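A.B. asks: Got a structure here, written out as structure tokens. Questions coming.
The values are calculated or read from the model by the stated rules, or taken from the named source; none is laboratory data. Owing to the predicted nature of the structure, the values given are computational and were not obtained by experimental measurement. Neighbour counts are summed over all protein chains in view; Cβ atoms, including those assigned to glycine, are modelled from backbone coordinates with ideal geometry.
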Amino acid sequence: MRKTPPTREHLKRAAMVCLRNLRRATGIAQEKLALQSGIDRTYMSGLERGLYVPSIYMIYRLAPALGVSFVQFAQEFDQTLRRLRRNHD
């Protein structure tokens, strides 16, 4: 049986949760993360509230400031997405 692909909402929610968890684990404030990543503070807030799905480019900018590699971020995202889908479906 083939599993259905995640919806845009699944992806937004997983990105939101993953980003927030990684940021809180590092103890960095949203504003500081935005500054270190070179992105607008309000966009950073929107990412964490699930208003936007971060692009690959944005993840490359955020990951170092969060103390993880792009691959580590992707692994965390994948685990979060799987957990959210398992709990939701």
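A.B. asks: For the stretch 1-47: of the residues being among the charged types (D, E, K, R) and crowded, with 18+ Cβ neighbours inside 10 Å, which is modelled with the highest pLDDT? Walk me through it before giving the result.
C.D. replies: As a first pass, look at the stretch 1-47 and keep what is among the charged types (D, E, K, R): 2-3, 8-9, 12-13, 20, 23-24, 31-32, 40-41.
Subset that is crowded, with 18+ Cβ neighbours inside 10 Å: 12-13, 23.
On the way: LYS12: 89, ARG13: 91, ARG23: 95.
Of everything passing the filter in the stretch 1-47, ARG23 is modelled with the highest pLDDT.
A.B. asks: Considering only the stretch 37-78, state which residues are in contact (Cβ under 8 Å) with a residue 40 or more places away in the chain and not hydrophobic (A, V, I, L, M, F, W, C). If you could, list the steps in order and put the result at the bottom.
C.D. replies: Taking the stretch 37-78 as the starting set, the residues that turn out to be in contact (Cβ under 8 Å) with a residue 40 or more places away in the chain are 52-53, 62, 66-68, 73, 76-77.
The answer is TYR52, GLY67, GLU76.
A.B. asks: Scanning the stretch 45-70 for residues that are assigned to a loop (DSSP other than H, G, I, E, B) and of a type in the set (Val, Ile, Thr), which turns out nearest to ARG23 (Cα to Cα)?
C.D. replies: Quick first cut of the stretch 45-70, residues assigned to a loop (DSSP other than H, G, I, E, B) only: 49-55, 66-69.
If we keep only those that are of a type in the set (Val, Ile, Thr) as well, we get 53, 68.
Details: VAL53: 16, VAL68: 10 Å.
Restricting to residues being assigned to a loop (DSSP other than H, G, I, E, B) and of a type in the set (Val, Ile, Thr), the top hit is VAL68.
A.B. asks: Just checking, does the stretch 51-69 include any residue being under 27 Å from THR4 (Cβ atoms), touching a helix residue (DSSP H, G or I) at 6+ places or on another chain (Cβ under 6 Å), exposed (fewer than 15 other Cβ atoms within 10 Å of the Cβ) and of a type in the set (A, V, I, L, M, F, W, C)? Spell out how you get there, then give the answer.
C.D. replies: Just the residues of the stretch 51-69 that are under 27 Å from THR4 (Cβ atoms), to begin with: 51-56, 58-59.
Now narrow it down to the ones that are touching a helix residue (DSSP H, G or I) at 6+ places or on another chain (Cβ under 6 Å): 52-54, 59.
Subset that is exposed (fewer than 15 other Cβ atoms within 10 Å of the Cβ): none.
Scanning the stretch 51-69 turns up no residue that is under 27 Å from THR4 (Cβ atoms), touching a helix residue (DSSP H, G or I) at 6+ places or on another chain (Cβ under 6 Å), exposed (fewer than 15 other Cβ atoms within 10 Å of the Cβ) and of a type in the set (A, V, I, L, M, F, W, C).
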